[in-house]
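**Student:** One structure, as structure tokens, below. Some questions next.
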Protein chains: 2
Amino acid sequence: MADRLVVVGGDAAGMSAASQARRLRPDLEIVALERSGHVSYSACGEPYYVGGLVTDLDRLVARTPSEFAERNIEVRLHYEVKEIDLDRRVVVAYSLQGKDTLTLGFDQLMYSTGSAPLRPPDVSGIDHPNVYGLRTLEDAVLLRSEAVRGEGSAVIVGGGYIGIEVAEALVDRGWRVTMVTSGDHVLERTLDDQMGSLADRAVRNYGVELLTQSRVTHIKHQDGRQLVGGDSFAVDSDLTVIGLGAGPEVALARAAGIDLGPTGAVAVDDRQATNVEGVWSAGDCAEARNRITGRPINILLGTVANKTGRIAGTNIGGGEAHFPGVLGTAITKIGTTEIARTGLKVEEARVAGFTPVVGIARGTTTAGYWPEAEPVTVMVIADRDQGRLLGGQVVGGRGAGKRIDVLATAIWTGMTAEELAWVDLSYAPPFSGVWDIIHIAARRAAGA
Amino acid sequence: MADRLVVVGGDAAGMSAASQARRLRPDLEIVALERSGHVSYSACGEPYYVGGLVTDLDRLVARTPSEFAERNIEVRLHYEVKEIDLDRRVVVAYSLQGKDTLTLGFDQLMYSTGSAPLRPPDVSGIDHPNVYGLRTLEDAVLLRSEAVRGEGSAVIVGGGYIGIEVAEALVDRGWRVTMVTSGDHVLERTLDDQMGSLADRAVRNYGVELLTQSRVTHIKHQDGRQLVGGDSFAVDSDLTVIGLGAGPEVALARAAGIDLGPTGAVAVDDRQATNVEGVWSAGDCAEARNRITGRPINILLGTVANKTGRIAGTNIGGGEAHFPGVLGTAITKIGTTEIARTGLKVEEARVAGFTPVVGIARGTTTAGYWPEAEPVTVMVIADRDQGRLLGGQVVGGRGAGKRIDVLATAIWTGMTAEELAWVDLSYAPPFSGVWDIIHIAARRAAGA
């Protein structure tokens, strides 16, 4: 009998692993169990489906179960795993639609359950069905069906990436949107204050009422409306959406005896192997190594899920692949303002034992005289002693955001700020100044 | 008496050197001699002034002589240097407007004469005043005054960057434009065939009639019109512009006894020092080191002129700076198609002793389902034996071109294609697929 790989959780990490394992081992039997009604979908695209920029839900699905079937990968939708028995090497799942229970033996197991949105239990009323979240495509369909009403007041609880993208979507739908965050600014976990305040401005310029330093303590429900409140504020809402981050889905792993790491996510080595022979994990539910600090982190990004899933698949398939780590590079936009970041924030750098110095440059995305020139601000963080690049953040108009990739690539290689200031970057008036704004920020971080 | 720096040629390299030397040595006397009527102008912006996107000529001037005067840098416009006497340490210049001759002693000399457009002597009629070139701002004013007529046939001789940008400008002005190049495709010196053919398509899609493999041998002039012809073609023209590249302006250096290198440009070390003590050179007239091959090249780019000028200025000012080399990163656009390149072409890689392998990826600038998704093609060239990245080229819609900077940064550090395939680049649907197109091309070049 052929070896069997069972994939628990069929989104980016799980299905990347399945696909890659299939490429290397045509003989492997592969079964993926997925709780929702879709595999391999783009959670990152959901806000744009809610807002209407993406009209067809199918476009958010990278591959359907029948496309996987063509590759001889069996996908079982609406199956929720309730137990992983490592002694007997079986997974027990039950159908959410029928009533059958499935007991599947495995030789190898891919644990890729992803993450679940946080609903802090100390916020009363947050579990009410009229408080929307956004994770699965089903969530997106539900939220869209409300969003299309397009009138009244909407409240977004949380100022992270999802919060900003849903805020944009709801403004586009015609809602009066209020965003409430406990942070000093939006994206507080990933942007330093100087850059976060630019992001705040972009959010407000898009027509969003932004309340910072405002912790929501209760959501009261009455007649289908909500009152979202805290110590010093209260906002009436016709549509309440939470985006308070998410946490790794580890209940099954914990119960089974798969080790968790210091972050609370599944502990893996750089081959994505857990402590249990033949059991692998990747994506939101697993830890990854921060490339700069060398420490484990739990980072919830589609890019990381795809990469770590592919690494796991190579190793499952008998190859040898090592995940080289993450910087936490991320990007979003609101209106025409692009916001991106990579590496460590100043405080994170300090905690990691560096002495961070900061270079900030303000300029334009193109030559200043180009008609489409837009303001851009770049922040470069480097270590004072070694000069090594540690992080970078970009906020600006069209063409600003993807510049973060230059910083990510430079940080990736251990380059110093001084070195980056001389890299042969491209220039023509429609694209940058003759010294790219990255050069100027790097030079300042180098103290030159 | 204070030491005196004389700058021969006051564009990017010369004035960068002057500015940087001033920062480090407030006491230095600095005099810059410039043949044209402007210093420190953006030659790269001129096509957009011709086409009308830039309406004000002053916007192309980074700094005026009076702004330099405020920094205690004396600029003398319309002074042409006719001799550099290294024994007596004097420069002899004459005024193109008055009749006076100026004999200036120097302690240090910055040789930054730039380049001159090529007008091959074997093309009869090419020296006629009705054949326009584009180098100085005066050239731009002249060409614009013709371009505004906006009717009839224009012929561009040459398919390089200037040719493409002027073609776009003239189409925008309403001309029927024919571009004639001896190359197999446009940008033949900097793009490989596969990518060049994409650039050809963009040129044609913009409404330009493109004749490749067509060497112009004569330009006949009659009644203010031109007949531009070769062995197998002839095109009537009401406005003829040449963009056949340019060569370093080295006549004065050669006459003075400053060494030229194998490329024919001024030989310099990585401090921009020539063979003569206290004589420096930078920009288009000087050689630079190719960072990949280690060999001298003569590369005519504003980015390089600014960087090498700054390096020279630091050393002139008593500091210590070393130019880390060039990759030849360049970018342009026609219409909405962006074209960029860096590093070695396949054939150049072969000549340099590498065994190039090529990875090509076709995709979209954003997530495929994003409404503004545009096609993009990325080519990555790596060495088969070491895996080291050698070059890259990008052609695609809005957002494509500046991705070249990721390749340039990766090549700069000596990264392999396999390493680049895992770098933590940013992703959100408005900006890329979850695997950036750069990742996919790099993975293919790595043979993975």
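**Student:** List pairs: first in region B:280-292 and without any contact (Cβ under 8 Å) to a residue 60 or more places away in the chain, second in a helix (DSSP H, G or I) and among the aliphatic types (A, V, I, L, M), Cβ under 7 Å, 6+ apart or cross-chain?
**Tutor:** As it stands, the answer is B:Ala288/B:Val304, since those pairs meet every condition given.
**Student:** Now for a different question. Cβ-Cβ under 9 Å, sequence separation 6+ or interchain: first residue in region B:411-426 and more than 9 Å from chain A (Cβ to nearest Cβ), partner at pLDDT below 95 and open to solvent by 10 Å² or more (accessible area, probe 1.4 Å). Which pairs?
**Tutor:** Listed pairs, sorted by first residue: B:Thr416/B:Gln386; B:Ala417/B:Gly447; B:Ala417/B:Ala448; B:Glu418/B:Gly447; B:Glu418/B:Ala448; B:Ala421/B:Ala448.
**Student:** Can you pull out every residue in region A:23-37 that is more than 11 Å from chain B (Cβ to nearest Cβ) and open to solvent by 30 Å² or more (accessible area, probe 1.4 Å)?
**Tutor:** Answer for region A:23-37, where residues must be more than 11 Å from chain B (Cβ to nearest Cβ) and open to solvent by 30 Å² or more (accessible area, probe 1.4 Å): A:Leu24, A:Arg25, A:Pro26, A:Asp27, A:Glu29, A:Arg35.
**Student:** Same structure again: Could you run through region A:247-272 and say how many residues are over 15 Å from A:Asn298 (Cα atoms), assigned to a loop (DSSP other than H, G, I, E, B) and open to solvent by 30 Å² or more (accessible area, probe 1.4 Å)?
**Tutor:** 2
**Student:** B:Pro356 is checked against (1) within 14 Å of chain A (Cβ to nearest Cβ); (2) in contact with a Gly (Cβ under 9 Å, 6 or more places away or on another chain) and fails just one. What number does that condition carry?
**Tutor:** (1)
**Student:** Suppose we filter region A:148-159 for residues that are surrounded by 24 or more Cβ atoms within 10 Å (Cβ to Cβ) and over 20 Å from A:His221 (Cβ atoms); how many remain?
**Tutor:** 1
**Student:** Looking for whichever is part of a loop (DSSP other than H, G, I, E, B) and touching a residue at least 60 places away in the same chain (Cβ under 8 Å) here; the options are B:Gly319, B:Gly309. Which one fits?
**Tutor:** Answer to the selection: B:Gly319.
**Student:** If you don't mind, there's one more thing I want to ask. Within 29 Å of B:Ala2 (Cα to Cα), touching a helix residue (DSSP H, G or I) at 6+ places or on another chain (Cβ under 7 Å) and either open to solvent by 50 Å² or more (accessible area, probe 1.4 Å) or of a type in the set (Ser, Thr, Tyr) (or both): is that true of B:Ser40 in this structure?
**Tutor:** The answer is yes for B:Ser40.
**Student:** So if I check each of A:Ser182, A:Ser145, A:Ser232, which one is under 30 Å from A:Gly328 (Cβ atoms), without any contact (Cβ under 8 Å) to a residue 60 or more places away in the chain and either surrounded by fewer than 19 Cβ atoms within 10 Å (Cβ to Cβ) or among the polar types (S, T, N, Q) (or both)?
**Tutor:** Answer to the check: A:Ser182.
**Student:** Select from region A:427-437 the residues that are within 7 Å of chain B (Cβ to nearest Cβ), touching a strand residue (DSSP E or B) at 6+ places or on another chain (Cβ under 8 Å) and open to solvent by 10 Å² or more (accessible area, probe 1.4 Å) and list them in ascending order.
**Tutor:** Passing the criteria: A:Tyr427, A:Pro430, A:Phe431.
**Student:** Quick one: B:Lys99 ticks every box in (1) without any contact (Cβ under 8 Å) to a residue 60 or more places away in the chain; (2) farther than 30 Å from B:Gly257 by Cα bar one, so which box is it?
**Tutor:** B:Lys99 satisfies all of (1) without any contact (Cβ under 8 Å) to a residue 60 or more places away in the chain; (2) farther than 30 Å from B:Gly257 by Cα except (2).
**Student:** Quick one: is A:Leu407 open to solvent by less than 10 Å² (accessible area, probe 1.4 Å) and at the interface with chain B (Cβ under 10 Å from one of its Cβ atoms)?
**Tutor:** yes
**Student:** While we're looking at this one, here's another question. When the residues of region A:322-347 are narrowed to those that are outside any strand (DSSP E or B) and closer than 25 Å to B:Leu420 by Cβ, which ends up farthest from the other protein chains (Cβ to nearest Cβ)?
**Tutor:** Checked region A:322-347; the qualifying residue farthest from the other protein chains (Cβ to nearest Cβ) is A:Leu344.
**Student:** Looking at the structure I just gave you, is B:Glu419 under 25 Å from A:Trp422 (Cβ atoms), of a type in the set (D, E, K, R) and not in a helix (DSSP H, G or I)?
**Tutor:** No, not satisfied.
**Student:** Please work out which one of (1) within 8 Å of chain B (Cβ to nearest Cβ); (2) open to solvent by less than 10 Å² (accessible area, probe 1.4 Å) is the condition A:Leu390 fails and give its number.
**Tutor:** Evaluating A:Leu390 over (1) within 8 Å of chain B (Cβ to nearest Cβ); (2) open to solvent by less than 10 Å² (accessible area, probe 1.4 Å) leaves (1) as the failure.
The values are calculated or read from the model by the stated rules, or taken from the named source; none is laboratory data. These numbers were taken from a predicted model, which means no experiment stands behind them. Note that we place each Cβ from the backbone using ideal geometry, even for glycine, and neighbour counts take in every protein chain shown. These area figures cover heavy atoms from the full protein model, side chains too; ligands, DNA and RNA do not enter into them. Shrake-Rupley method; radii C 1.70, N 1.55, O 1.52, S 1.80 Å.
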